[in-house]
Number of protein chains: 2
Amino acid sequence: MTEFDRATSLRSIGDGRYEAQLDPGWRIGRAVNGGILMALASRAMSEEFSTEGHGHPFSISGYFLSASNPGPAELEVERLRTGSMMTTGQLTLSQDRTDRLRVLATYGSHDSLTDEVRTVATPPRLPPPEECLAASSGPREMLGASDLLDRTELRLDPESAAWAMGRPSGRGVVQGWLRMADGREPDVHQLVFATDSLPPVTFDLGVFGWAPTLELTVHVRAEPAPGWLVVRHSTRNFAGGLLEEDGEVWDSSGRLVAQSRQLAMAPRKRSG
Amino acid sequence: MTEFDRATSLRSIGDGRYEAQLDPGWRIGRAVNGGILMALASRAMSEEFSTEGHGHPFSISGYFLSASNPGPAELEVERLRTGSMMTTGQLTLSQDRTDRLRVLATYGSHDSLTDEVRTVATPPRLPPPEECLAASSGPREMLGASDLLDRTELRLDPESAAWAMGRPSGRGVVQGWLRMADGREPDVHQLVFATDSLPPVTFDLGVFGWAPTLELTVHVRAEPAPGWLVVRHSTRNFAGGLLEEDGEVWDSSGRLVAQSRQLAMAPRKRSG
């Protein structure tokens, strides 16, 4: 079993309820990464809504209520509406009766969608993976004690990682190549994780420290082709101690397979 | 009382529950506009969370479950977490026991935020309102039977409204000036409405007809200054019968006061 599949594995205990073990290997600092929690939620809803043939997340929104710790967790899925094309539901992830994450999501089947693609977005241009910076070789003190970095192979575009050399570009962009360290190929749930797997985009503004997510919405638009993903995070509106972080995930066939936006709190600590 | 305040007025019946009347004057076709429903939800949660001094929506996500009709509606707010800076909660809007809209949201106080603005986004450039196209003078058969158009004064940037003359630009952008027809000045709840108040961005791609919203998330980033708003909608990823619609709302002081994204279904009917 791959690391990602182990971290998002679920045990059904009936009535839409599942048990899971939050893995210490997916922490950022002391808390478990929000992206892997969203992927876990995504799998639970997928399992639940597969009965109707609606196993793929189309849109999933998570509101983070408290920081998650490694250890046991419970997930509870509630069905809100089932139509012929889609099912909408809600999920609560809790630990020891404390709610960690509340999710609303709409699921369907990517197989039921048309083949028409009229995307005007263009993939980010970045050097090939071998000319990018391995995040694992970056300054650990800046990335924090991040077990998560060992789960993924992340190659950052040097232009968007100049903060690692003390020269943040100020553009508010962090982008790079991403694949799982153990070679697991991407699927729809891993795309959900991918949208929250890069260093905070605030680093490129010279603002370091943790930027806790208040809300994260991911639109998963297609099943990804095998191979490297390109992930781009950007922010345009850093104001009042809050910022949005927009994410794009492109697969190896050059298709825009996921889009995300989160609202995060700006870190208190800063340099420069 | 202004039209907007009447359409979003609430009667508390205790325990986080409210009664409202969905006004026929805010319909698009036969259904009540999603933006005004979101604004109604926004006011109910604001009223509920004002007790903690958290009366301003920071992020609000709505999943649409069924089309709303003019007439009585019930709203029920559930508190999920209250911290010192923010309250997160959930809301269900129903009619005759059928759920129409489920909402997750985080509220706080814009007064508690820092004055720091490091926005790199720049306001859309468009001609002054008097050189823009009044949407109310546009082709009604294209906009559909839209009572909503009479509630607002909407002046579309001619470049992003060339579809009205049969020449959609193909850029996937619709933008213009917006204010309420009766002169009501904007507030945080009206910004929520504003993000879903323009003709569908698909018109600029030459795809006409209704584009029902599956999910809409709005980040309200500041209280708006009085005067005209500039609203910009764009899409970059029209694929598989679904599209995202990104919204920006700028106030008269030139501040980016709200950002939104929705996932919508592409209209079935099309021209060209």
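Every read-out reported here was derived from the displayed coordinates using simple, explicitly stated rules and does not represent laboratory data. Please read these numbers as outputs of a predicted model, since none were measured by experiment. Don't worry about glycine lacking a Cβ; one is built from the backbone with ideal geometry, like all the others, and counts go over all protein chains shown.
Some points to look at:
- The ellipsoid that matches the Cα gyration tensor of region B:48-148 has semi-axes, each √(5λ) in whole angstrom, of 32, 27, 10, with the longest given first.
- From the Kirkwood radius over Cα pairs of region B:182-272, Stokes-Einstein at 37 °C and 0.692 mPa s returns a whole-number translational diffusion coefficient of 239 µm²/s.
- Between copies, B:Arg268 shows label-point distances of 5.5 nm, shortest first, with the point placed 7 angstrom from Cα along Cα to C-beta.
- The GNM of chain B, with springs linking C-alpha atoms under 10 angstrom apart, assigns the highest mean-square fluctuation among B:Leu178, B:Leu80, B:Leu126 to B:Leu80.
- Sorted into 10 angstrom bins from 0, the C-alpha pair distances of the protein assembly as shown split as 4, 19, 31, 28, 15, 4, 0 percent.
- With Cα atoms as the point set, the radius of gyration and Dmax of region A:144-195 evaluate to 12.8, 35 Å.
- Size of region A:205-248 as Cα extents on the principal axes (Å, biggest first): 39, 20, 18
- Our helix-only sum for chain B, with -39,500 (n - 2.57) per DSSP H run of n ≥ 4 divided by its residues, gives a mean residue ellipticity at 222 nm of -3000 deg cm²/dmol.
- Diffusion coefficient (Stokes-Einstein, Kirkwood radius over C-alpha pairs, 10 °C, 1.306 mPa s) for region A:103-182: 103 µm²/s, rounded to a whole number.
- Put simply, the convex hull of the Cα atoms in region A:1-113 casts, on average, a shadow of 7.0 nm².
- Modelled label positions at A:Ser137 and B:Ser253, each set 7 Å beyond Cα in the direction of Cβ, lie 4.8 nm from each other.
- Annotation note: GluC sites (Glu not before Pro) in region A:1-105 located in DSSP loop regions with a Cβ neighbour count of at most 12 within 10 Å are absent.
- In this rough spin-label picture, where each label sits 7 Å from Cα along the Cβ direction, the A:Asp5-B:Asp182 distance is 6.0 nm.
- Label point distance in nm, B:Leu80-A:Ala225, each placed 7 Å from Cα along Cα→Cβ: 3.6 nm
- Nearest-first distances (nm) between copies at A:Ala225, label 7 Å from Cα via Cβ: 4.8
- The ratio of the alpha-carbon radius of gyration of chain A to the globular-protein estimate 2.2 N^0.38 Å is 0.96.
- For region A:1-62, the equivalent ellipsoid derived from the alpha-carbon gyration tensor has semi-axes of 22, 14, 10 Å in decreasing order.
- Packing rank of B:92-104, A:27-39, A:111-123, where each peptide gets the mean count of other beta carbons within 10 Å, highest leading: A:27-39, B:92-104, A:111-123
- Once the gyration tensor of the Cα atoms in region B:82-130 is diagonalised, the equivalent ellipsoid follows with semi-axes of 33, 24, 9 Å, ordered largest first.
- Rg/Rh (Cα only; Kirkwood hydrodynamic radius) as it applies to region B:225-272: 1.14
- Sorted from shortest to longest, the distances between the A:Glu185 label points of this copy and the other copies are 6.0 nm, with each point 7 Å from Cα along the line through the beta carbon.
- Placing R0 at 41 angstrom, the Cβ-Cβ distance between A:Asp111 and B:Glu130 gives a FRET efficiency of 0.20 after rounding to 0.05.
- Alpha-carbon centroid distance for the pair region A:4-48 / region B:221-235, whole angstrom: 38 Å
- Top of B:Gly55, B:Gly14, B:Gly71 by mean-square fluctuation, Gaussian network on chain B, Cα under 10 Å: B:Gly14
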